[in-house]
Amino acid sequence: MVAKTWTEQVHTSSLKFDDQGAGLKRRREHALEQFMSDGFPSRKHEEWRYTPLSRLAEGPCSPLLEPSEGIPESSDLPIEMMAKVVLLNGEFRQDLSDLSALPPAVRIQSLNQMRRTDPDQLASLLDQFLPQTSHPFHHLSDALLDDGVHIEVVEEGAKIESPIHILHIIDGQAHSGSAHVTGLIQVATGAHLDVIEEIRSTGEVLGNLRWGIGLDPQATLKRVRAFRPECASIFHGTRVVQQQGSRFDDLFSSSGGELIRNELHVIHEGTGCHCELLGAYVGRGKEHLDHHTTIDHKVEDCTSREVYRGVLSDRARGVFSGMIHVHQDAQRTDAKQSNDTILLSDTAEANTRPRLEIYADDVKCTHGATIGELDENAIFYLRSRGVSVDEARKIMVRAFTSEVFVQMEDRQLSDFIVNEIQESIQAVEVDHG
Amino acid sequence: MSGKKENSMLEIKGLCASVEGTTILRGIDLDVKAGEVHAIMGPNGSGKSTLANVLAGREDYSVDAGTVQYNGIDLLELSADERACEGIFLAFQYPVSIPGISNAYFLRTALNAVRRYRDESEVDPVDFLELVRSKMDLVGMDEKLLHRAVNDGFSGGEKKRNEILQMAVLDPKLAILDETDSGLDIDALRIVAEGVNALRKEERSIVVVTHYQRLLDYIVPDHVHVLSDGKIARSGDKSLALELEKEGYSWLQADDAKAGNNA
Ligand SMILES: Nc1ncnc2c1ncn2[C@@H]1O[C@H](COP(=O)(O)OP(=O)(O)OP(=O)(O)O)[C@@H](O)[C@H]1O
Ligand SMILES: [Mg+2]
């Protein structure tokens, strides 16, 4: 049986949704029209040159995943959580989530509910934080918008002590298909929030996850993302708008997906903002790990630091494309970016593309990229202390990746992400070169 | 030294080794018995570190001829990590830094690897900390260094102390100390040497590679060898080191000239 094409499938699915407000209706219609005419981009498209979409575009994941019956095994994190939000095949599952300890300073709502009770407000939030673009996965998520989550710290100055855990479970055991989730996070002036986002998946699925984030003046948000989706295709896009003096920390680790594309767009709209984008990825087999980041320094006195490190074995491929855009008014911008990759086999491949566009004259921007191998001297050092060659190599991979997070003050979160990486390293077949 | 045994701990015969086609060791014979301390001296580039690394199992060097017996087993058959697990320890002339891995993690991983090899259970974290603390006292090392990345940004002296700390924790049978004294200030030299002396025992042999008599005032050797151009040119007791201190190595050339080896 030939899978239905995406356009047929998306068209049928999209028309089934019944939107209450004109704003939501307009977004859906526009996105559907765009996707029908553009579909998925080919490799000729600059932004998609290295991303192998052809397998996905053939359509095995084009049907929407049905609500899953199976109750997934609970994965309790070794960290105390304020709340847990479970999105199963794209559906916000109140029965699996736990919002009982949520303080009044934080509100969490399902987008499906907002679509029914507050469609105009939802449409205006979406227009504000996720304006429509010409991006194929954004078209999909807008054309198929069904559910998702809105998280809002409403009380100014509220420091939310423990993190909110967001767990996506994408269950393609019975049928392959796709799940589309839209999320919104708003943090009020001077408030602080931690979020941990995880993805678990089974079967051949596409997870299309898209976040719009707004940080009010002096607000801080720390987000940890640990992706170990197992043979899924994941598109994960985030757009962050930062107001004056706010800070966004993003800690990202990924491994084990057939195709993971991680896109980040951070916009500094207010002065004195800082963002810290840290990532580590471990690829094996034929995995493809793709990272595209854009930092828009629009106004003066903002800083950004970006460190991405990858380790690739077998035939895995890693892509890093990092754009730093310093606008004309963004004097005294201080932006640092680096991407380092270690290749564990001759057949692994890394493409790295730092891009700077600077239109202001008083700025400090540095970027660097390296591609190398494990330090053989250090491996011998470990071996001379009794550590086997396999373990020594794994330790070196751990050292290289976890170093991205060592400067973090929050030991709990950095230990968590380092452990996540450690888990994925255990599975890496270390080639003896 | 008292308590010498007849059994050899390490017996090297006719060892030749090369790196990338260049021969460096040209027939080394050395017999180290259990409990003995041997000092190896000799000019820069004569092959001391090469010998130490070949014994530790570094694969960059190829062994072209000769045999090495270690406690009755063929050492050259073992991989570097197996040698370590069998009780060989090399204190590096240039200890390697490993950013991203804490010293404590490194030590515990090494100790557990050795213990697993010996069919012992992994060390309990609390016991481990206690053990490390007592050994850090022995080498006069600041506990802060335990939580820093391995040798990363360590001063020269801190790196050398760290080597001896590792030796003390891993409790080897044969320790090879490659210029552990260089880079140490006068007080540190004494502390490290006292640490090494505290680890001296009947069943443990130590080979110290050094340029200076000063270390041998503290760690008194049973035998002193002079390595020159990949061969042992002279062997003697501790007085040989004193003699070298006075006369340097110029006599080596004279010997060479006499033997007509200069070509
Ligand atoms: N990996 C290598 N590649 C090329 N030459 C090497 C290599 N390792 C050692 N050598 C050469 O072998 C010779 C012996 O070096 P080695 O380090 O063993 O000397 P050493 O006696 O320890 O000297 P020092 O007292 O300066 O530490 C030197 O000429 C050195 O340049
Ligand atoms: Mg040397």
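The values are calculated or read from the model by the stated rules, or taken from the named source; none is laboratory data. What you see is a predicted model, and the numbers here were worked out from it, not measured in a lab. Don't worry about glycine lacking a Cβ; one is built from the backbone with ideal geometry, like all the others, and counts go over all protein chains shown. Just the protein is used for accessible areas: all its heavy atoms, side chains included, with ligands, DNA and RNA removed. Shrake-Rupley method; radii C 1.70, N 1.55, O 1.52, S 1.80 Å.
B:L252 meets each of the listed conditions (1) within 16 Å of ligand 1 (Cβ to nearest atom); (2) modelled with pLDDT of 90 or more; (3) touching a strand residue (DSSP E or B) at 6+ places or on another chain (Cβ under 7 Å) apart from (2). Is it the case that B:F128 is out of contact with any Phe, Trp or Tyr (no Cβ under 9 Å at 6 or more places or on another chain) and within 9 Å of chain A (Cβ to nearest Cβ)? Here the answer is no, as B:F128 does not meet what is asked. Filtered by the rule that a residue be open to solvent by 40 Å² or more (accessible area, probe 1.4 Å) and either in contact with a Pro (Cβ under 8 Å, 6 or more places away or on another chain) or at the interface with chain B (Cβ under 8 Å from one of its Cβ atoms) (or both), the stretch A:363-375 gives A:H367, A:A369, A:D375.
The set of residues in the stretch A:352-373 being within 16 Å of A:R284 (Cα to Cα) and either among the hydrophobic types (A, V, I, L, M, F, W, C) or at pLDDT 95 or above (or both) is empty. Within the stretch A:264-302, the residues that satisfy the criterion of being in a strand (DSSP E or B) and either open to solvent by 30 Å² or more (accessible area, probe 1.4 Å) or farther than 19 Å from A:I213 by Cβ (or both) are A:H265, A:H274, A:A280, A:Y281, A:V282, A:G283, A:H288, A:L289, A:D290, A:T294.
Okay, residues lined up against (1) of a type in the set (A, V, I, L, M, F, W, C); (2) farther than 27 Å from A:P163 by Cα:
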| site | (1), (2) |
| --- | --- |
| A:R353 | no, yes |
| A:G372 | no, yes |
| A:D375 | no, yes |
| A:D390 | no, yes |
| A:D415 | no, no |
| A:I425 | yes, no |
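One residue stands out among those in the stretch B:31-55 that are more than 11 Å from B:H225 (Cβ to Cβ) and in contact with a Phe, Trp or Tyr (Cβ under 8 Å, 6 or more places away or on another chain): the one that is farthest from ligand 1 (Cβ to nearest atom), which is B:V54. Being within 16 Å of ligand 1 (Cβ to nearest atom) and open to solvent by 10 Å² or more (accessible area, probe 1.4 Å) is the requirement here; does B:D119 meet it? Against the criterion (within 16 Å of ligand 1 (Cβ to nearest atom) and open to solvent by 10 Å² or more (accessible area, probe 1.4 Å)), B:D119 does not qualify. Of the numbered criteria (1) crowded, with 22+ Cβ neighbours inside 10 Å; (2) of a type outside the set (G, A, S); (3) modelled with pLDDT under 90, the one B:N151 fails is (3). Can you tell me which residue in the stretch A:33-48 is modelled with the lowest pLDDT, limited to those that are of a type in the set (S, T, N, Q) and open to solvent by less than 80 Å² (accessible area, probe 1.4 Å)? The selected residue is A:S42. Could you list all residues from the stretch A:169-200 that are of a type in the set (S, T, Y), in contact with a Pro (Cβ under 9 Å, 6 or more places away or on another chain) and crowded, with 24+ Cβ neighbours inside 10 Å? Hit for the stretch A:169-200 is A:S178, nothing else.
Being within 16 Å of ligand 1 (Cβ to nearest atom), over 25 Å from B:H225 (Cα atoms) and open to solvent by less than 70 Å² (accessible area, probe 1.4 Å): is that true of B:V96 here?
Working: within 16 Å of ligand 1 (Cβ to nearest atom): yes; over 25 Å from B:H225 (Cα atoms): yes; open to solvent by less than 70 Å² (accessible area, probe 1.4 Å): yes.
Yes: the conditions hold for B:V96.
In the stretch A:3-32, what residues are closer than 20 Å to A:D127 by Cβ, open to solvent by 10 Å² or more (accessible area, probe 1.4 Å) and polar (S, T, N, Q)? If the condition is that a residue be closer than 20 Å to A:D127 by Cβ, open to solvent by 10 Å² or more (accessible area, probe 1.4 Å) and polar (S, T, N, Q), then A:Q20 is the only one that fits. Here B:R83 meets the list (1) more than 14 Å from chain A (Cβ to nearest Cβ); (2) closer than 20 Å to A:I395 by Cβ; (3) within 18 Å of the chain's Cα centre (by Cα) almost entirely, failing just condition (1).
Residues in the stretch A:389-422 that are of a type outside the set (S, T, Y), at the interface with chain B (Cβ under 8 Å from one of its Cβ atoms) and over 30 Å from B:I176 (Cα atoms): A:E403, A:V406.
Taking residues in the stretch B:41-56 that are touching a residue at least 12 places away in the same chain (Cβ under 8 Å) and under 26 Å from A:G386 (Cβ atoms), and partners anywhere that are among the polar types (S, T, N, Q) and within 8 Å of ligand 2 (Cβ to nearest atom), the pairs with Cβ atoms closer than 7 Å and at least 6 places apart or on different chains are B:S49/B:Q93. Residue by residue through the stretch A:376-388, note down the ones that are open to solvent by 10 Å² or more (accessible area, probe 1.4 Å) and facing chain B (nearest Cβ under 7 Å). A:N377, A:F380, A:R383, A:S388 - these are the residues of the stretch A:376-388 that are open to solvent by 10 Å² or more (accessible area, probe 1.4 Å) and facing chain B (nearest Cβ under 7 Å).
Of the residues B:F89, B:F106, which single one is away from ligand 2 (no atom under 16 Å from the Cβ), in a helix (DSSP H, G or I), within 14 Å of another protein chain (Cβ to nearest Cβ) and open to solvent by less than 10 Å² (accessible area, probe 1.4 Å)? Let's see the steps before the verdict.
Details: B:F89 fails: in a helix (DSSP H, G or I).
Result of the check over B:F89, B:F106: B:F106.
Kindly indicate whether B:K144 is more than 14 Å from chain A (Cβ to nearest Cβ), closer than 28 Å to B:L129 by Cα and more than 16 Å from ligand 1 (Cβ to nearest atom). Here the answer is yes, as B:K144 does meet what is asked. Looking across B:A80, B:A39, one residue alone is closer than 20 Å to B:V169 by Cβ and either away from ligand 2 (no atom under 15 Å from the Cβ) or small (G, A, S) (or both). It is B:A80.
Within the stretch A:413-420, not a single residue is surrounded by 15 or more Cβ atoms within 10 Å (Cβ to Cβ), touching a strand residue (DSSP E or B) at 6+ places or on another chain (Cβ under 8 Å) and without any contact (Cβ under 8 Å) to a residue 60 or more places away in the chain. The one condition from (1) more than 15 Å from B:F92 (Cα to Cα); (2) part of a helix (DSSP H, G or I); (3) away from chain A (no Cβ under 12 Å) that B:D119 does not meet is (2). Only one entry in A:V149, A:V106 is surrounded by 15 or more Cβ atoms within 10 Å (Cβ to Cβ), aliphatic (A, V, I, L, M) and within 23 Å of A:P217 (Cβ to Cβ), namely A:V106. Within the stretch B:38-50, the set of residues being crowded, with 21+ Cβ neighbours inside 10 Å and not in a helix (DSSP H, G or I) comprises B:H38, B:A39, B:I40, B:M41, B:G42, B:S46, B:G47. The residue list B:K33, B:K135 contains one member that is more than 13 Å from chain A (Cβ to nearest Cβ), more than 16 Å from ligand 2 (Cβ to nearest atom) and over 16 Å from B:E163 (Cα atoms), which is B:K33.
Reported count of residues in the stretch B:42-62, each being within 10 Å of ligand 2 (Cβ to nearest atom) and of a type outside the set (D, E, K, R), is 10. Residues considered: B:N7, B:N53. Of these, the only one that is open to solvent by 30 Å² or more (accessible area, probe 1.4 Å) and on the phi < 0 side of the Ramachandran plot is B:N7.
Could you pull out the residue among A:R309, A:R225, A:R305 that is open to solvent by 10 Å² or more (accessible area, probe 1.4 Å), touching a Phe, Trp or Tyr at 6+ places or on another chain (Cβ under 7 Å) and assigned to a strand (DSSP E or B)? Before you say what the answer is, go through the steps one by one.
Details: A:R225 fails: open to solvent by 10 Å² or more (accessible area, probe 1.4 Å); A:R305 fails: touching a Phe, Trp or Tyr at 6+ places or on another chain (Cβ under 7 Å).
None of the other options fit; the residue is A:R309.
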